[in-house]
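Before any comments, here is the structure.
The values are calculated or read from the model by the stated rules, or taken from the named source; none is laboratory data. Nothing here was measured: the structure is a model prediction, and the numbers come from that model. We place every Cβ from the backbone using ideal geometry, glycine too, and count neighbours over all the protein chains shown.
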Amino acid sequence: MTAGERALSATLVELADTLVSDYDLADYLDRLLGHAVAAVGGAGGGVMLAPDPRREPVTLELLASTDERVRSLEVFELQRDEGPCVESFREGAQVFETNLPASGRWPLFTPAALELGFHSVFAFPMRLRGQVIGALNLFRGLSQDVDPDAVAMAQTYADMATIGILQQRAAREARELAANLQGALNSRVVIEQAKGVLAERVGYEMDEAYQAMRWYARHHNLRLRDVAADVVGGSLAAGEFRRPDQPAP
Amino acid sequence: MDEHRLERIYAAVSRRDGTPEPFHRVQAICRACVDLLPVTGAGVMLMAERMHQGTLYATDERIQRLEGMQNSAAEGPCIDSYNLGRPVLEPDLAVTGRRRWPLLAQAAVDAGIHALFSFPLQLDDTSVGALDLFRDRPGPLTREQIDDARLLAAMATREVLDLQASAPSGSLPAQIADLSGDRVAIEQATGMVAAQLNSTTLEAGQRLRQVAAQQGAALADVAYEIIARKLRLD
């Protein structure tokens, strides 16, 4: 097993662990980025992500970078909306330029990259099935190609970053759904309890109590469940619920 | 993750229902429990605020009655599994179960439930409910069967969340939107008693259960009396 293959295996094992426990996404991306840079003998790299690909216009954010040099270049790329990373994200394809000094490809990005000492760039799309969520960008000081094995390994690291991010998003969505469910289940109980409180304090029938709370909620632009919670919690007095046109029972 | 177990369980669930719709999948998961495991019935309960909030689906109406019993007794394996975030297994309610849940065990045995296994529907450190399995005679689950049940509970969790995702924001899916009539009465009576005693609803609920136990009556029956203003607790 080569050193590169060992690193890949180790990261795969790490991934298996992170899939079952909470982890720091930024930390994970940093490690993957470091491995990808090493795989191509690079001088630095960055990871860009589209936080919400469904929203128009699609915006990219810089999520990780190996150093300040790369960070400033990637930010520049985003601000000018021009460069290999941006193109890789848009095309959903690998975008390589092995000879930046001789290239006329990105009139704004290229001079900035050369100024920082980067002579070749390799941008890898972060995609899973049809979905492109970002791009991983690698920079080298030399104007030189990278061998196919190294390219394959770097793409694998980009793929692992994709899986990690999508995993975390799914987990966050699941947590939100669970919280919504718990909240909605609890609301039913609180609303019935509040009816009882008003039935006792004001002398309402249960349905009258419900209507009174609905009226109050609409009138004060509140959610019914919040009104009910306040009734049960005691912060809303029963007297508040008599409508102006309603006589006391 | 044991891939063979995964395949076997998925196959069992698919045999029970081919459609990907979440509620049907919950039904299929419950039926697959009865197919695969030595249990008489299975059900998925939803829970919030340390209480049963409803039965999403059960293969046997004794599961629903179990929910009512646990709410009345304010104790039970499903409540425990939900609060502890791990399976609660009781292979013999009449003997060892009696020590763990003195109020619940008798009511359950009277209803023909002799063993109960509750697996929380777990998401990280929160729980949204439980997959409950019961036997009409005592007896344990094997290690293998427990692992199968854990996987089925994980699948049920996924389907419950998918079901919630299908409901408009802030509300419940149609299948769990309505509280049972008894449950409505109990909560309304709790509110009335809280107002009568000038107490919290927690204290009011405890008082209600106390009165029901003293009278040897069902909690719901006492609740109906209170709502009809035939009984006051102050």
> What residue, among those in the range B:13-45 that are polar (S, T, N, Q) and not in a helix (DSSP H, G or I), is nearest to the other protein chains (Cβ to nearest Cβ)?
Replying inline: B:T19
>> Exactly one of these conditions fails for B:F119: (1) in a loop (DSSP other than H, G, I, E, B); (2) touching a Pro at 6+ places or on another chain (Cβ under 7 Å). Give me its number.
In response: (1)
> In this structure, does B:A195 turn out to be over 26 Å from B:A108 (Cα atoms), within 11 Å of chain A (Cβ to nearest Cβ), among the aliphatic types (A, V, I, L, M) and surrounded by fewer than 18 Cβ atoms within 10 Å (Cβ to Cβ)?
Replying inline: no
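Residues in the range A:217-240 that are part of a loop (DSSP other than H, G, I, E, B) and surrounded by fewer than 14 Cβ atoms within 10 Å (Cβ to Cβ): how many? I'd like the intermediate steps shown before the answer.
If we filter the range A:217-240 for residues that are part of a loop (DSSP other than H, G, I, E, B), which is where we start, we get A:220-223, A:234-237.
Subset that is surrounded by fewer than 14 Cβ atoms within 10 Å (Cβ to Cβ): A:220-221, A:223, A:234-235, A:237.
Number of matching residues: 6.
Does B:E90 meet the test of being crowded, with 21+ Cβ neighbours inside 10 Å and either of a type in the set (A, V, I, L, M, F, W, C) or within 14 Å of chain A (Cβ to nearest Cβ) (or both)? Full working, then the answer.
Values: crowded, with 21+ Cβ neighbours inside 10 Å: yes; either of a type in the set (A, V, I, L, M, F, W, C) or within 14 Å of chain A (Cβ to nearest Cβ) (or both): no.
No: the conditions fail for B:E90.
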>> Please determine whether any residue of the range B:46-66 is within 13 Å of chain A (Cβ to nearest Cβ) and either assigned to a helix (DSSP H, G or I) or touching a Ser or Thr at 6+ places or on another chain (Cβ under 6 Å) (or both).
In response: no
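Does A:A178 count as surrounded by 17 or more Cβ atoms within 10 Å (Cβ to Cβ) and away from chain B (no Cβ under 13 Å)?
Numbers: surrounded by 17 or more Cβ atoms within 10 Å (Cβ to Cβ): yes; away from chain B (no Cβ under 13 Å): no.
Here the answer is no, as A:A178 does not meet what is asked.
Could we say that B:L161 is touching a residue at least 12 places away in the same chain (Cβ under 8 Å), surrounded by fewer than 23 Cβ atoms within 10 Å (Cβ to Cβ) and within 11 Å of chain A (Cβ to nearest Cβ) here? Spell out how you get there, then give the answer.
Values: touching a residue at least 12 places away in the same chain (Cβ under 8 Å): yes; surrounded by fewer than 23 Cβ atoms within 10 Å (Cβ to Cβ): yes; within 11 Å of chain A (Cβ to nearest Cβ): yes.
It is true that B:L161 is touching a residue at least 12 places away in the same chain (Cβ under 8 Å), surrounded by fewer than 23 Cβ atoms within 10 Å (Cβ to Cβ) and within 11 Å of chain A (Cβ to nearest Cβ).
Looking at A:L166, A:L177, A:L224, A:L236, which is the one that is within 30 Å of A:L62 (Cα to Cα), not hydroxyl-bearing (S, T, Y) and not assigned by TED's automatic domain parsing to the domain that holds A:G45? Before you say what the answer is, go through the steps one by one.
Details: A:L166 fails: not assigned by TED's automatic domain parsing to the domain that holds A:G45; A:L224 fails: within 30 Å of A:L62 (Cα to Cα); A:L236 fails: within 30 Å of A:L62 (Cα to Cα).
Of the residues listed, the single one that is within 30 Å of A:L62 (Cα to Cα), not hydroxyl-bearing (S, T, Y) and not assigned by TED's automatic domain parsing to the domain that holds A:G45 is A:L177.
Can you tell me how many residues within the range B:169-192 are within 10 Å of chain A (Cβ to nearest Cβ), out of contact with any helix residue (DSSP H, G or I) (no Cβ under 7 Å at 6 or more places or on another chain) and not in a helix (DSSP H, G or I)? Let's see the steps before the verdict.
Within the range B:169-192, the subset within 10 Å of chain A (Cβ to nearest Cβ) is B:169-173, B:176-179, B:183-192.
Of the ones still in play, those that are also out of contact with any helix residue (DSSP H, G or I) (no Cβ under 7 Å at 6 or more places or on another chain) are B:169, B:176-178, B:183.
Narrowing the set further to residues that are not in a helix (DSSP H, G or I) leaves B:169, B:177-178.
Of the residues in that region, 3 qualify.
Scan the range A:185-217 for residues that are more than 7 Å from chain B (Cβ to nearest Cβ) and either polar (S, T, N, Q) or touching a Cys at 6+ places or on another chain (Cβ under 8 Å) (or both) and report the count. So that I can check it myself, show each step before the final result.
Our first condition is that a residue be more than 7 Å from chain B (Cβ to nearest Cβ); within the range A:185-217, this holds for A:187, A:190-191, A:198, A:202-205, A:207-217.
Okay, now just the ones that are also either polar (S, T, N, Q) or touching a Cys at 6+ places or on another chain (Cβ under 8 Å) (or both), so A:187, A:211.
Residues that pass the stated criteria total 2.
Could you list, in sequence order, the residues of the range A:137-163 that are in a helix (DSSP H, G or I) and in contact (Cβ under 8 Å) with a residue 40 or more places away in the chain? Let's see the steps before the verdict.
Within the range A:137-163, the first condition is being in a helix (DSSP H, G or I), and the residues that meet it are A:148-163.
Scanning the range A:137-163 gives A:D149, A:A150, A:V151, A:M153, A:A154, A:Q155, A:T156, A:Y157, A:A158, A:M160, A:A161, A:I163.
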